[in-house]
1. At 222 nm, what helix-only mean residue ellipticity would the chain give, in deg cm²/dmol to the nearest 500, using -39500 (n - 2.57) for each DSSP H run of four or more?
2. Going toward the positive end of the dipole of the chain, with +1 on Lys and Arg Cβ and -1 on Asp and Glu Cβ, which of Y309, V284, M263 do you reach last?
3. Too long at a 24 Å Cα-Cα cut-off: which of K91/K208; K91/K362; K342/K409?
4. Could you give the length gained on full extension between D219 and D295, defined as 0.36 nm per residue of separation minus the Cα-Cα distance, in nm?
5. In straight Cα distance, which lysines are under 19 Å from K258, not counting same-chain residues fewer than 8 positions off?
6. Please work out the Cα center distance from region 458-532 to region 175-189, rounded to the nearest Å.
7. Along the charge dipole of the chain, Cβ charges K/R +1 and D/E -1, which of S131, A146, P189 sits furthest on the positive end?
8. Counting only C-alpha contacts under 8 Å and six or more residues apart, can you give the relative contact order of region 129-169 as a whole percent?
Amino acid sequence: MKKRLSLFLVALFVLVLSACTATKDAGEKPSTETEGDKEEAGTETESLPTEKVLYLNNGNEPTSFDPSVGFDAVSWNSLNNLMEGLVRLSKDHLAEPATAEKVDVSDDGLTYTFTIRDNAKWSNGDPVLASDFVYGWLHMLNPETASPAAFLAYFIEGAEAYNSGTGTADAVAIKALEEKVFEVKLNTPTEAFLNIVTNPSFFPVNEKVATGNPTWFADADTFVGNGPFKLVDWKHDVSFSFEKNENYWDVASVKLDKVEWAMINDSNTEYQMYQTDELDTSGVPSELAESLMNDPELKNEDQAGLYFYRFNVSQEPFTNKKIRQAFAYAVNQQEIVDYVTKNGQKPADGFIPYGFIGPDGKEFRETAGTLVGFDADKAKTLLAEGMVEEGYAKLPEVTLTYSTSDSHKKIAEALQSEFKEVLGVDVTLQNVEASVFAAEQKEFKYQLSRSSFLFDYADPVNALESFITGSSMNRTTWSNAEYDKLIENIKNETDESKRWAMLIEADALLMEEMPIFPLYYYNQVTLEKPSVSGIIRHPVGYLDLKWADKN
């Protein structure tokens, strides 16, 4: 017996805003008046509807509009509006039916059956078929495509083997049962499945078009999508243009007539264009962040990611849990965001950031509560206890390593000062070039080092699983059998409430063991004209213009 799936989640990492060259009127086409013959009593004039044009900046040329290849924000923000998957993130960041009108899940949670809408069409008028999803997903997994997103599909039976060259396309458990029915079989129950397939990498590809022209995605006159907008012009490295897609199944929800995108890779130029009404949105130049923080046109929204530090638990003194905890409690996260970063971030009080909604409708972070925070007395006590446990008369030397960046340097210096003031510990700072830093951190060469995480998909397990034993993302040498088992259970649990409780337990265990300590949660700071409304910036996910409007 099958059941309907209702999955709560929140989205997908996007920092790139979108923009364009425009006129000073910022997209408002002057209304024209129709004037009839004037009679003695006079006549009324009628105004034609104003065309709604949104002006955005994409920053750079999209990497690719092939959804299997454009695995970055400069591609996603536009692709998410040109194309659409089986499900789409809602205004509230929840996966909801999109190209598929119905989702059925087998009792064991392994088989998903999607019924595609009868009125789902491509921008050229072709019907969207189940075979288009089969074609698109196999294209992503094909080793020759070299898709950077292929790993996201490894939960599908046979996917990893095909992508790694040890299996065949025929063994990948996706198929078109009927013209409008698409089936997927998973290796294990994956509660985050619907959230994962909102990623543009899982968009369909029009098989008839792609087999006739392998470079269909490279130019506006050959591009075919199934999203709210269609690509009508693309001047490479300069600009591209969208128009409302009249063939989109939910075209009634689309309010904008056009979207004009510029490619301005300079934050100051972008801001100047915003000031002169050539753009409707803009990022905030770093040197103006503090002065613009209270600007009424500024939007400060959550982004699912965080800035944190890693301990190497194999190097003294961080082999001792209490000493790790002492260093964590010596850090005043609120002062870091108030006086160092100064960009409106939220101080981190656990590993999982804001933007994840549980089955009870509540924020993960609010339910999980405060797990770490500044407490000078507690820090001093923990350090003293840890030193006794280890038999230290003097704490071994500590070196804090960060990668080359003015912002990383400022944060490192602030931490150095706090460790000295609270714990009386002199910490040496080490600056390493970014390319070398990444490699050496993976080789466990650092005692204490900076790090960051942006979510690939909108589920807490995406971050929490980074710290299981042997994960390439761990980079702390920390290993905990209880934690490993908890993550395994989370991945196999199909009861949403039980799974959510285990996710909260994993966050608490990670913060108790403290192989890392968090500093602040990432955010998206954007200037937006008062005439604009309805742009959705998902905490995990992509810019969504489906519901955008402009007065």
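1. On the way: 15 runs with 136 residues, N = 551.
One gets -7000 deg cm²/dmol as the mean residue ellipticity at 222 nm.
2. Y309
3. As for pairs spanning more than 24 Å Cα to Cα, those are K91/K208.
4. Difference between extended and current length: 23.5 nm.
5. Of all the lysines, those that pass the test against K258 - Cα under 19 Å, at least 8 places apart if same chain - are K24, K29, K52, K230, K235, K244, K529, K546, K550.
6. Between the Cα centre of region 458-532 and that of region 175-189, the gap is 29 Å.
7. P189
8. About 32 percent, as a whole number.
The values are calculated or read from the model by the stated rules, or taken from the named source; none is laboratory data. On a predicted model such as this, the values are computed, not experimentally measured, just so you know. Positions of Cβ are backbone-derived with ideal geometry, glycine not excepted, and every protein chain shown enters the neighbour counts. In case anyone asks, the SASA skips ligands and DNA or RNA and just uses the protein heavy atoms, side chains included. Shrake-Rupley method; radii C 1.70, N 1.55, O 1.52, S 1.80 Å.
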